[in-house]
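The values are calculated or read from the model by the stated rules, or taken from the named source; none is laboratory data. No experiment lies behind these values; they were computed from the predicted model shown. Counting neighbours? That spans all protein chains shown, and the Cβs are built from the backbone with ideal geometry, glycine included.
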Amino acid sequence: MDVVDLKEFYGSPLGAAARRLLTHRIRARIRGLKGGVILGIGYATPYLDVWREEADRVLGFMPARQGVAHWPLTGPSATALVDDSEMPLPDGVVDLALVVHGLELSEHLQETLREIWRVLAPGGRAIFVVPNRSGMWARSDSTPFGHGRPFSRSQLTDLLRDAMFSPSGWANALFVPPVQRGFLIRSAAAWERLGLWMWPAFSGVIIVEAVKQVYSVRRPKRARRLVPKFNPVPQPATVGRAGLSNRRENTLDRCAPPI
């Protein structure tokens, strides 16, 4: 999707309701980021405002195929147009990565996940918001969550583990039907409570929190040096003609059959 389409959706009543519901669910999972570095990937800027006063730095990286939008509305821009498989950051500098409209639209999924893993600090966390394959939002192309590749929970688990992430928490959100109807949007909070109680597997999106895994590297053991138990007895390099003649005679005597 183009960045213009994304901005238009979040400027609509349905997009504003989706932002409120998702921000509440994401915020409930994240605590203790005062003084940290937060990176939004994809089109995550609608959800980053809540951390601007708390975090030391908040950045937004938008993929080149999508386009970039200025954010925040006031002050210097904190967004950049990047290749999501080669981000302009050193290793291990990000405390939290928030990925919204990122994985489902990525053309190089494994490379993107490995790049997110690289820029995260050891023990850093990532929040992935993806369309639910079983939900209504993935079946409607009138919203950004209806574009790209939806995921099931098992698919997302395998994908994150292959990229050296450990899923540590799950949440579901967006149970309101994805239609621009005033009475439905006004009752979005009631739809959310009812959906979480009755049919959580059919939410519009899946939210997963994952932790960067860092494996310890053991030094290889040194190969044991083999020492012979018995010392070899050196033999003379040459023998005289007489000694060679006697040796041949003794060998023939041993090999001759008895008479």
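Listing for the model above:
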quantity: Residues located in segment 90-104, provided they are in a strand (DSSP E or B) and among the small types (Gly, Ala, Ser); calculated: 97
quantity: Enumeration of residues in segment 7-35 that are in contact with a strand residue (DSSP E or B) (Cβ under 9 Å, 6 or more places away or on another chain) and modelled with pLDDT of 90 or more; calculated: 18, 21, 22, 24, 25, 26
quantity: Residues of segment 119-134 that turn out to be within 14 Å of the chain's Cα centre (by Cα) and crowded, with 16+ Cβ neighbours inside 10 Å, as a count; calculated: 10
quantity: Residues within segment 135-146 that are buried (at least 17 other Cβ atoms within 10 Å of the Cβ) and in a loop (DSSP other than H, G, I, E, B), tallied; calculated: 3
quantity: Search result, residues across segment 105-133 that are out of contact with any helix residue (DSSP H, G or I) (no Cβ under 8 Å at 6 or more places or on another chain) and either part of a strand (DSSP E or B) or within 22 Å of residue 15 (Cα to Cα) (or both); calculated: 105, 120, 121, 122, 123, 124, 125
quantity: Residue, modelled with the lowest pLDDT, within segment 61-101, restricted to residues that are under 22 Å from residue 208 (Cα atoms) and of a type in the set (Gly, Ala, Ser); calculated: 85
quantity: Single residue of segment 159-217 satisfying the filter (aromatic (Phe, Trp, Tyr) and either part of a helix (DSSP H, G or I) or touching a Cys at 6+ places or on another chain (Cβ under 6 Å) (or both)) that is farthest from residue 25 (Cα to Cα); calculated: 183
quantity: Matching residues, segment 1-44, being buried (at least 16 other Cβ atoms within 10 Å of the Cβ), at negative phi, out of contact with any Ser or Thr (no Cβ under 8 Å at 6 or more places or on another chain) and small (Gly, Ala, Ser); calculated: 17, 36, 40, 44
quantity: Subset of segment 61-90 (residues that are closer than 15 Å to residue 115 by Cα and either polar (S, T, N, Q) or surrounded by 13 or more Cβ atoms within 10 Å (Cβ to Cβ) (or both)); calculated: 61, 62, 63, 82, 83, 84, 85, 87, 89
quantity: Condition met for residue 56 (buried (at least 20 other Cβ atoms within 10 Å of the Cβ) and acidic (Asp, Glu)); calculated: no
